[in-house]
Amino acid sequence: MPSLGRLHLITDTRPGCDPLAVVRAALPVARADLVVQVRVDDDTTDRQAYDLARRVRALCVPYGATCLVNDRLHVALAVDAHGGHVGADDLPVAAARRVLGPAAVLGATAREPGTAARAVAAGASYLGVGPCHPTATKTGLPDPIGPAGIRAVAAAVDVPVIAIGGVTAATVPALRAAGAHGVAVVGALSAAADPGRATAELIAALTC
Ligand SMILES: Cc1ncc(COP(=O)(O)OP(=O)(O)O)c(N)n1
Ligand SMILES: Cc1ncsc1CCOP(=O)(O)O
Ligand SMILES: [Mg+2]
């Protein structure tokens, strides 16, 4: 399995956002270090999710970037994405691995070592761990776990840990020092005035 990119761009499809514009800006900067996770609102139709995922995959491939689909693994298969990401409200990791097959990239959400270890045992290729810091992007989240939470999970598993939740370029160094392989962001890129420059700042923090 190829190494996993360090910067995970999670698409923001809220009103006023242009997810494809952000992806187009990030790709020439992050190239193969970019993972684009197609995440849509719950009220988005499968057809809309399919159309977005198909276009994201087509943009990613020439740069060697990875295209994943959040939650909707049938859409991941339909567009021949590189894999998917599941959490507690999605297919169990073992079932997701059966759906995607052994070669796919499969991410799972965890926030403590026990869940993390079980997800890896069930077939997760990487873990999305958080929320690390406060975020308004997703509601109903548990309390942030901070770099200490990342450290506890990273010590318990041998797959890449991707820190998520309130991540900015300024918070990357502490998350990396705690053991994170990379980070996942929504707002740091979707709300950036210059997503290309914001991508460069995140990549610099991830690779220095
Ligand atoms: C990299 C990464 N980590 C965590 C999540 C959250 O996934 P999940 O818990 O399934 O919640 P939703 O994203 O489906 O609302 C993620 N998407 N990516
Ligand atoms: C989907 C998700 N899961 C945990 S936090 C989060 C949203 C992260 O968004 P942001 O990077 O804007 O804090
Ligand atoms: Mg989910």
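Residues that are without any contact (Cβ under 8 Å) to a residue 60 or more places away in the chain and within 15 Å of ligand 1 (Cβ to nearest atom) were ranked within segment 53-67; the one that is nearest to the chain's Cα centre (by Cα) is 67.
Screening residue 96 on (1) without any contact (Cβ under 8 Å) to a residue 12 or more places away in the chain; (2) within 15 Å of ligand 3 (Cβ to nearest atom); (3) among the small types (Gly, Ala, Ser) shows it passes everything except condition (1). Here residue 56 clears all of (1) under 23 Å from residue 17 (Cβ atoms); (2) surrounded by 20 or more Cβ atoms within 10 Å (Cβ to Cβ); (3) within 16 Å of ligand 2 (Cβ to nearest atom) except the condition numbered (3).
Return the only residue of 158, 194 being more than 16 Å from ligand 1 (Cβ to nearest atom), under 22 Å from residue 14 (Cα atoms) and not hydrophobic (A, V, I, L, M, F, W, C).
Details: 158 fails: under 22 Å from residue 14 (Cα atoms).
Sole residue among the options that is more than 16 Å from ligand 1 (Cβ to nearest atom), under 22 Å from residue 14 (Cα atoms) and not hydrophobic (A, V, I, L, M, F, W, C): 194.
Residue 76: surrounded by fewer than 21 Cβ atoms within 10 Å (Cβ to Cβ) and not in a loop (DSSP other than H, G, I, E, B), yes or no? No; evaluated as a whole, the condition is false for this residue.
So, residue 162, is that one crowded, with 24+ Cβ neighbours inside 10 Å, away from ligand 3 (no atom under 16 Å from the Cβ) and modelled with pLDDT of 95 or more or not? The answer is no for residue 162.
For every residue, the table says whether it meets (1) surrounded by fewer than 17 Cβ atoms within 10 Å (Cβ to Cβ); (2) within 20 Å of residue 66 (Cβ to Cβ); (3) at pLDDT 95 or above.
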site	(1), (2), (3)
135	no, no, yes
150	no, no, yes
156	no, no, yes
193	yes, no, yes
202	no, yes, yes
208	yes, no, no
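In segment 45-73, the qualifying residues are those that are charged (D, E, K, R) and under 12 Å from residue 85 (Cα atoms), and the one that is farthest from ligand 3 (Cβ to nearest atom) is 72. For the condition in a loop (DSSP other than H, G, I, E, B), near ligand 1 (Cβ under 10 Å from one of its atoms) and either exposed (fewer than 14 other Cβ atoms within 10 Å of the Cβ) or of a type outside the set (Gly, Ala, Ser) (or both), residue 41 qualifies.
With respect to residue 67, is the statement that it is crowded, with 20+ Cβ neighbours inside 10 Å, in contact with a Ser or Thr (Cβ under 9 Å, 6 or more places away or on another chain) and farther than 21 Å from residue 191 by Cβ true?
On the way: crowded, with 20+ Cβ neighbours inside 10 Å: yes; in contact with a Ser or Thr (Cβ under 9 Å, 6 or more places away or on another chain): no; farther than 21 Å from residue 191 by Cβ: yes.
Spelling it out, it is not the case that residue 67 is crowded, with 20+ Cβ neighbours inside 10 Å, in contact with a Ser or Thr (Cβ under 9 Å, 6 or more places away or on another chain) and farther than 21 Å from residue 191 by Cβ.
The values are calculated or read from the model by the stated rules, or taken from the named source; none is laboratory data. Keep in mind that what you see is a predicted model, and the values were worked out from it rather than measured. Don't worry about glycine lacking a Cβ; one is built from the backbone with ideal geometry, like all the others, and counts go over all protein chains shown.
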